[in-house]
Amino acid sequence: MQKLTSRDALKKAREVYKKALDAEKRKILVCAGNGCIASGSLLVYDKLAEIIKSKNVQCSLELKEEPGHPVGLKKGGCPGFCNQSVLVLVEPEGWLYTKVKPEDAEEIVEQTIKNGKPVERLAFKGQDGKPILKKAEIPFYKKQTRIVLEQCGEIDAESIKEYLAVGGYSAFEKVLFDMTPEAVCKEVSDSNLRGRGGAGFPAGQKWGDTLKAQGAPKYVVCNGDEGDPGAFMDQSVMEGIPHQMIEGMLIAAKAIGANQGYIYVRAEYPRAVSRLRMAIAQAEEAGILGDKILGTDFSFKLTIYRGAGAFVCGEGSALMGSIEGRRGMPRVKRYRSTERGLYEKPTVLNNVETYANVPVIINKGAAWYKKIGPETSPGTKTFALTGKITNTGLIEVPMGTKLREIIYDIGGGILNGKKFKAVQIGGPSGGCLTESDLDMPLDFDSVPKAGAIIGSGGLVVMDETNCMIEIARFFMKFTQKESCGKCVPCREGTLRMLETLERIVSGAGKEGDIELLDELSVTVSKAALCGLGKTAPNPIMSTLKRFRNEYEDHIYKKTCTAKECQKLKKISIVPENCAGCGACSKVCPVGAITQQDKVLEGKKKAYYVLDASKCIKCMSCVEKCKFDAVKMED
C-alpha cells in the first residue's frame, strides 16, 4: 500500500477501498477466530478457495485499489457464536452458515456463490427445528448491540484496506486535524466511558490527568493480558479488529502528547500477536503509524510486549514493571500511573475493549454514546458466555442488560433442561450471582452491591450439578498459583484458604472451617498489596453468603448435594438387581468389589458387594454395570 502523506490522501484511500469493497456483490467470510480455527475453519477456507479456482469462479481473495471480482472470499474475525463453529457469513444477504465442514465447500460454491441461493441445511436450527438463515434473526444475536464488535466478522481481519473501506481511522483523522488534546479528553470524559478491564475507572479522567501531568516522554499502554479462565473478549478484538484498537491508542496518544505506545499481550495468544504485528506493519506502511503521521508533526510508534503468562501482570504496576524488564510484581502505589507510570513517566493504561470504544465515541459523539445503557455506566460491554448454557460465545450487550436476558434469551437457557444455579462473573476475582439476581442490571454500580464485580467480562454459567464449594476451590487454586508471592497476606492467605477448601471437598471438613474461611477472606481482602490479592477471596465470600448450606452439608453431613465432589460420593450395589456377571469387580482398580453367594428359591446365586472403606469413587463400576445394580446413592 502506498504511504499516505496527507489528510486528503487518507480520504482518497478510504474512498478507493470503499468502492472496491462495494463492487464485491457477494462476500463469503469464513470465521478465522481462535475457536473456529480450532474447529477447522482454515481447512474450510482453503477448500472453498480450491473449488472456486477449479470452477473458474471470479473471486477475489484480497481487496485491491481497483474494483476486482464480484465475489470476495475472506478470513473474518470471530462472529461470536462459538458452539456453532465453523461459521461462514454470506453478505449482503446476512446468511450465517453453522457447523460448516470442508466437505460442505462444494455445495456452498455451487449454491451460494454461483447461483445466489442459500444452503438451508447449514442454517442454525431454532427451538422449533426450523432453519434460521439470517444472522440478525438468530436469538443469540437479536438482543445484542454490537458497537465494539460491529465489524468483527464483517471484514477481513488481516486487511487495513477493508478497515479503511468501512470508515477506519476517520476518528483519528478528526482528532489529528480538527481537535485539540483538551477537546479529545473532554469528549471521552463527557461520554463517561469507564475502563472495561474491570475497575470501571473513567477513561476521560485518566486521559485528562495524564495530559496535565508534568514530565516527558508520556506513554500509552494497552493491557491485553487477559487471563481469566473462560474469558476471550480482548483476544477476539485483537484477532478480529486489531486496527480499531490501534486507532483508539492513536487517539489517546494524540490526546496526551505521547509518541510511544506498548501493547502488552499474554504469550498464550500467538494469533493475536501475529495479527497485531501485521496490523502495525500495515499502518506503518500506510503512514498512519511512525514518524510525521499523514504529513503532520505528530509521531507515534507501537511496540508489542509479550507477557510470560503471569496473571498478576494484568495489574497495572506489575504490567509496567514487566515491560521495564523487571519481574512482574505489583508496586506500592505512592503515585497514580497518570503521574508516574511506565519508566516513572505519565502513562495512560487502558485495556483492549476500552481503546476499541474510543473511535466510535469520537465519530458519533459523547451524547450518542450516553444514550446506550445507564447514565453512570453507558455504552456496551462484551462478555464471554460459557459453562452449562445452550449458546456459548462472545456477546456484546448494552450496560444494564439483565442477567435473565443474557442467560435465557441470548444464551438459550441451561443445557439439557437443568435448573439454573449460579453464574460466576468477573473471573477468579469475581463472585457468583444466583437466581435472585436474574433481574439485576449488569453495570459497574449494580453488580458490586451483590458482592461481585463485572471484571473484564467472563460469565461462567452453572447448573444444579455444580458444587459451589468446588467452584470456589477451582478459582482459589488458580489465584493461589498465580500469586506473585510478594506480600504475606496473599502468598500465605490464599494457600491456607485453598487447603481448607480442598479438605472440605475431600470429606475431611471440620468444625470451625467456615469461620476460618470467613476470617481469612476478610484479612486477605484488606491486607493484600494489589488487586489480585484483595479480590482473591471473592469466590469464597460470595459462595459462603449464598450457599452456606452446601458448606455445612459437606462438613457436617459429609455429603455433596450436587454429587460433584468425588470423595463424597456414596456407591452401593443393590443385591436384587445384581446379575452376578462380575463386570464391576473386573474394572475396580482397588479390589473393593468382591463376590458373595446368596440363596434364592433354594438355589445359590452369586452376587457382588462393595467395601465402602476401600472404594476410591472412580465410578468405573457404575459406568460398567448394565443391570442398574451399581448405584450412586442420593
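Quick notes on this structure:
- Qualifying residue in the range 277-300 (condition: in contact (Cβ under 8 Å) with a residue 24 or more places away in the chain, over 22 Å from residue 175 (Cα atoms), out of contact with any helix residue (DSSP H, G or I) (no Cβ under 8 Å at 6 or more places or on another chain) and not aromatic (Phe, Trp, Tyr)): yes
Table: residues versus (1) over 17 Å from residue 240 (Cβ atoms); (2) in contact with a helix residue (DSSP H, G or I) (Cβ under 7 Å, 6 or more places away or on another chain).
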| site | (1), (2) |
| --- | --- |
| 58 | yes, no |
| 64 | yes, yes |
| 70 | yes, no |
| 75 | no, yes |
| 83 | yes, no |
| 95 | yes, no |
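- Of everything listed in (1) under 21 Å from residue 144 (Cβ atoms); (2) among the acidic types (Asp, Glu); (3) in a helix (DSSP H, G or I), the single unmet condition for residue 93 is (3).
- Applying the set (1) in contact with a helix residue (DSSP H, G or I) (Cβ under 7 Å, 6 or more places away or on another chain); (2) under 24 Å from residue 166 (Cβ atoms); (3) modelled with pLDDT of 95 or more to residue 234 leaves exactly one unmet item: (3).
- Scope the range 319-339; condition surrounded by fewer than 18 Cβ atoms within 10 Å (Cβ to Cβ) and over 19 Å from residue 205 (Cβ atoms); matching residues: 324, 325, 326, 327, 331, 332, 334
- Filter result (touching a Lys or Arg at 6+ places or on another chain (Cβ under 6 Å) and part of a strand (DSSP E or B)) within the range 455-469: 461, 462, 463
- Qualifying residue in the range 565-587 (condition: part of a loop (DSSP other than H, G, I, E, B) and of a type in the set (A, V, I, L, M)): yes
- Just one of the listed residues (519, 550) is without any contact (Cβ under 8 Å) to a residue 24 or more places away in the chain, acidic (Asp, Glu) and in the same structural domain as residue 478 (by TED's automatic domain parsing), namely 519.
- Residue tally, condition surrounded by fewer than 22 Cβ atoms within 10 Å (Cβ to Cβ), modelled with pLDDT under 95 and among the polar types (S, T, N, Q), over the range 352-378: 1
- Matching residues in the range 521-543 - criterion: being assigned to a helix (DSSP H, G or I), more than 26 Å from the chain's Cα centre (by Cα) and not charged (D, E, K, R): 521, 522, 523, 524, 527
- Considering the range 342-415, the qualifying strands (runs of 3 or more DSSP E), each wholly inside and each with 3 or more residues that are closer than 20 Å to residue 446 by Cβ, run over 380-387, 393-398.
- The residues on offer are 294, 349, and the sole one that is under 26 Å from residue 186 (Cβ atoms), assigned by TED's automatic domain parsing to the domain that holds residue 248, of a type outside the set (S, T, N, Q) and surrounded by fewer than 22 Cβ atoms within 10 Å (Cβ to Cβ) is 294.
- Candidate set: the range 16-31, residues that are assigned to a helix (DSSP H, G or I) and touching a Leu at 6+ places or on another chain (Cβ under 9 Å); chosen: the one farthest from residue 80 (Cα to Cα): 16
Results for (1) at negative phi; (2) modelled with pLDDT under 95; (3) outside the structural domain of residue 37 (by TED's automatic domain parsing); (4) surrounded by fewer than 20 Cβ atoms within 10 Å (Cβ to Cβ), shown as yes or no for each residue.
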{"site": "143", "(1), (2), (3), (4)": "yes, yes, no, yes"}
{"site": "153", "(1), (2), (3), (4)": "no, yes, no, no"}
{"site": "166", "(1), (2), (3), (4)": "yes, no, yes, yes"}
{"site": "171", "(1), (2), (3), (4)": "yes, no, yes, no"}
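- From the list 174, 117, 142, the lone residue that is more than 30 Å from residue 457 (Cα to Cα) and touching a residue at least 24 places away in the same chain (Cβ under 8 Å) is 174.
- In the set (1) surrounded by fewer than 23 Cβ atoms within 10 Å (Cβ to Cβ); (2) outside any loop (DSSP other than H, G, I, E, B); (3) of a type in the set (D, E, K, R), residue 439 fails one condition alone, (2).
- Residue, surrounded by the most Cβ atoms within 10 Å (Cβ to Cβ), within the range 24-41, restricted to residues that are under 18 Å from the mean Cα position of the chain (by Cα) and closer than 18 Å to residue 241 by Cα: 31
- For residue 223, the criteria (1) surrounded by fewer than 24 Cβ atoms within 10 Å (Cβ to Cβ); (2) in contact (Cβ under 8 Å) with a residue 24 or more places away in the chain; (3) of a type in the set (S, T, N, Q) hold in every case but one, which is (1).
- Residues in the range 32-83 that are part of a helix (DSSP H, G or I) and charged (D, E, K, R) were compared, and the one that is farthest from residue 395 (Cα to Cα) is 53.
- Of all residues in the range 301-315, none satisfies being outside any strand (DSSP E or B) and polar (S, T, N, Q).
- Options 472, 452: the member that is crowded, with 19+ Cβ neighbours inside 10 Å, within 24 Å of the chain's Cα centre (by Cα) and not in a loop (DSSP other than H, G, I, E, B): 472
The values are calculated or read from the model by the stated rules, or taken from the named source; none is laboratory data. Just so we're clear, the structure is a prediction, and the values are computed from it rather than from any experiment. Heads up, the Cβs are rebuilt from the backbone with ideal geometry, glycines too, and the neighbour counts pull from every protein chain shown.
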